[in-house]
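Undergrad: Questions regarding the structure given below will be posed in turn.
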Amino acid sequence: TLAHELQHFIQHSEQAQLWAANSLIPKLKKATIRALGLRWCDIPHEREARIVSKRTAEQIFGAELVRHYIDGKIAEFVTECDAADWECIRGLATSATYDLARATRLFFPRLRDHKPELERTLRAFQSEDPGFPQVDLETLLSGAD
């Protein structure tokens, strides 16, 4: 958990616009998330944080113990979403590098039909936190660099 949350802190401090854009996704309506078939692990900044935390755990405890721990979490799941998240984590390769910018650019076009909802969510974030980073939804939703 510490490595996961620390990675979000690093994202926020070093890639603020990417962190901000990705932070919009979990705030979409539950119906929208279901309609898109999104899992928490699909959100680029969450995927990166899971990779980093799994890599850290493997470095500290060894890959076999981490695999055993994850298998136990899947077996004792509380909800189907919980089990799916642990299954996703189990499948994450920790040896490969993860390009958050590229993953975000490839992900956002899936949300194109939900632009008004994303715009409302962005405005809500910005009204609550005037320092919330600027997010160029047009560019993100187009998939352009």
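Undergrad: Can you tell me how much longer the chain between ALA124 and PHE9 gets when fully stretched, taken as 0.36 nm per residue apart minus their C-alpha distance, in nm with one decimal? Don't skip to the end; give the middle numbers.
TA: Numbers: separation 115, 0.36 × 115 = 41.40 nm, distance 2.12 nm.
So the extension gain works out to 39.3 nm.
Undergrad: Give the calculated FRET efficiency between LEU2 and TRP40 to the nearest 0.05, with a Förster radius of 22 Å applied to their Cβ-Cβ distance.
TA: 0.75
Undergrad: Here's a follow-up. Once you've got the Cα coordinates, tell me which of LYS27/LYS115; LYS27/LYS54; LYS30/LYS115 are over 23 Å apart.
TA: Going by Cα-Cα distance, LYS27/LYS54 fall outside the 23 Å limit.
Undergrad: Can you tell me how much longer the chain between SER95 and THR139 gets when fully stretched, taken as 0.36 nm per residue apart minus their C-alpha distance, in nm with one decimal?
TA: 12.8 nm
Undergrad: Per residue, what accessible area does the chain have, given a 1.4 Å probe and all protein chains present, in Å²?
TA: Roughly 60 Å² per residue, with all protein chains present.
Undergrad: Write out the cysteines belonging to the chain for which the nearest other cysteine Cβ is not under 4.7 Å, or none if no such cysteine exists.
TA: CYS81 - these cysteines have no disulfide-compatible partner (Cβ-Cβ under 4.7 Å) in the chain.
Undergrad: Oh, and also: Whenever you get a sec, compute what percent of the accessible area on the chain sits on carbon and sulfur atoms (1.4 Å probe).
TA: With neighbouring chains kept in place, the figure for the chain is 55 percent.
Undergrad: Further, regarding this structure: What does the charge count around PRO116 come to, taking other residues whose C-beta lies under 15 Å from its C-beta (Lys +1, Arg +1, Asp -1, Glu -1)? Please report the intermediate quantities before stating the final value.
TA: Working: positive: LYS27, LYS29, ARG112, LYS115, ARG120, ARG123; negative: ASP113, GLU117, GLU119, GLU138.
The answer is +2.
Undergrad: Scanning the chain for trypsin sites (Lys or Arg not before Pro) in DSSP loops with at most 16 other Cβ atoms within 10 Å, what's the longest stretch left with none?
TA: Values: sites that count: LYS29, ARG39.
Answer from the scan: 40-145.
The values are calculated or read from the model by the stated rules, or taken from the named source; none is laboratory data. Keep in mind the model is a prediction, meaning the values are calculated, not measured. With ideal geometry, Cβ positions are generated from the backbone for all residues, glycine too; neighbour counts draw on all protein chains shown. Remember, those area values only see protein heavy atoms, side chains included, never the ligands or the DNA or RNA. Shrake-Rupley method; radii C 1.70, N 1.55, O 1.52, S 1.80 Å.
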